Amino acid sequence: MPAQAYSGRAMGLPPDTRVLPLNDEAIAEAARLILAGQPVAVPTETVYGLAADATNAEAVARIYAAKGRPGFNPLIVHVPDLAAAEEIGQFDEQARALAKTHWPGPLTLVVPLREGALIAGIVTAGLPTIALRVPAHPAMQALLKACGRPLAAPSANASGLISPTRASHVVASLGGRIPLIIDGGATERGIESTIVAATGGALRLLRRGPIDIDAPESSDSIEAPGQLASHYAPHKPLRLDATDAREDEYLIGFGQVRGDVTLSENGNPIEAAANLFDLLHQADAAPQPRIAIAPVPGGGIAAAIRDRLKRAAAPRAWKEGP
Ligand code: TXA
Ligand code: MG
């Protein structure tokens with residue numbers, strides 16, 4: 001049973017994280033916050049997710065800021081039904097058959113991202129594919145309906161901690177860092193969704209989960225979730241910590257360092273994270289054969305940006321894995 005509403009202050013937390021029991025008002029408040037660009041914790045049938053508007057890059061960057069994640073991973077995007085999923089991703093017959101059998105439910109399908117889909121680049125970490133899921137839980141379904149937007153949602157835990165299956169777990173790990181947690185009681189499944197890739201004509205199992213899928217486990221280790229090569233990398237050499245552009249370089253600026261474009265003119269790391277993948281793509285498409293990027297100092301999400309850039313700047317052979 002959902003707990004009574006209790007304030008962050010009563011829990012000894014900063015007063016800014018509220019916990020509301022699942023009901024219509026809680027969903028309306030969560031939708032208001034999400035449409036204002038905030039992340040909100042909400043139960044799904046697998047684990048609690050930290051949901052943000054997948055069309056709003058800064059909102060998604062706030063997920064990373066709240067989780068304190070040391071790097072960027074492509075995130076799962078939640079939609080209300082298969083029709084909504086097909087507006088964002090391209091489904092072949094196999095993918096559609098799986099979706100029809102298992103949605104709504106704890107299955108995530110990785111499919112090619114549709115051109116022109118309004119998904120922020122930070123959601124897919126710049127990849128041409130997208131992970132989509134139609135959740136069965138009434139809280140997430142109600143929230144999707146109330147927002148009218150696709151919602152990006154990783155598990156609602158601070159980086160390095162296990163996935164939360166109760167609102168109290170979310171309080172313990174993200175209390176004081178997010179404005180609202182919806183308490184829908186313990187989650188039914190308790191483990192994250194099964195992930196299947198349906199790109200290039202063959203199904204591959206990327207993550208085991210509640211649903212057993214008869215597909216070969218990705219034999220290609222570099223395709224598994226979180227692996228290096230599943231991340232977008234620019235095709236051009238990238239020079240880090242640049243304070244000005246050499247003749248053949250396209251410069252991505254930050255703060256004081258003016259560039260051809262800037263991650264954030266006033267040095268805001270959340271804005272920088274939100275712009276990162278789009279600007280790397282832009283730099284890749286520019287006429288200059290090389291990319292340079294300004295230093296992004298600081299901890300937290302700035303460190304996640306530097307981690308991503310370090311990987312992007314590493315030699316190609318390393319990026320593509322074994
Ligand atoms: O049960 C779940 O799936 C939970 C609830 C909240 O829905 N969500 C969840 O999301 O586990 P997240 O973001 O923590 O897991 C995303 C996983 C990552 O391991 C990521 O690498 C993989 O999905 N992934 C996302 N997009 C991908 C893509 N385009 N290609 C390959 N893997 C992808
Ligand atoms: Mg997780």
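The values are calculated or read from the model by the stated rules, or taken from the named source; none is laboratory data. Note that the structure is a prediction, hence the values are computed from the model and not measured. As a convention, Cβ positions derive from the backbone with ideal geometry for all residues, glycine included, and neighbour counts pool all protein chains shown. The accessibility values were calculated without ligands, DNA or RNA, using every heavy atom of the protein model including side chains. Shrake-Rupley method; radii C 1.70, N 1.55, O 1.52, S 1.80 Å.
Out of all DSSP beta bridges in segment 133-273, what portion is antiparallel? Express it as a percent rounded to 5. Show your work: numbers first, answer last.
On the way: 6 of 9 bridges.
DSSP beta bridges in segment 133-273 are roughly 65 percent antiparallel.
I want to verify a result. In a Gaussian network model of the chain, Cα cutoff 10 Å, which of these has the top mean-square fluctuation: Thr108, Thr165, Thr187?
Thr187
Work out the charge dipole of the chain with +1 on the Cβ of Lys and Arg and -1 on the Cβ of Asp and Glu about the Cα centre, then indicate which of Leu205, Gly299, Phe277 is farthest towards its positive end.
Gly299
May I ask you to derive the relative contact order of the chain, considering only C-alpha pairs under 8 Å and at least 6 residues apart, and to give it as an integer percent? Please list the in-between numbers first.
On the way: 750 pairs, mean separation 68.7, N = 322.
Across the chain, relative contact order equals 21 percent.
On alpha-carbon atoms, Rg over Rh for the chain using Kirkwood Rh? Display every interim value, and only then the final one.
Values: Rg = 19.7 Å, Rh = 20.2 Å.
That ratio equals 0.98.
What nm value, rounded to one decimal, do you get for the distance between Asp278 and Gln90 when each label is placed 7 Å out toward the C-beta?
2.3 nm
Of the heavy-atom accessible surface of the chain (probe 1.4 angstrom), what whole percent is carbon and sulfur? Could the numbers behind the result be given before it?
On the way: 7200 of 13950 Å².
Accessible surface attributable to carbon and sulfur in the chain totals 52 percent.
Over the alpha carbons of segment 32-178, what is the largest minus smallest coordinate on each principal axis, giving the biggest first in Å?
44, 29, 27
Report the label-to-label distance for Ala97 and Asp248 in nanometres (one decimal), using points 7 Å from each Cα along the Cα→Cβ vector.
For the pair Ala97/Asp248, the computed spacing is 5.0 nm.
Just round it to a whole percent: the fraction of Cα-Cα distances in segment 129-168 exceeding 17 Å. Mind dumping the intermediate values first?
Numbers: 332 of 780 pairs.
Considering segment 129-168, 43 percent of its Cα-Cα pairs are separated by more than 17 Å.
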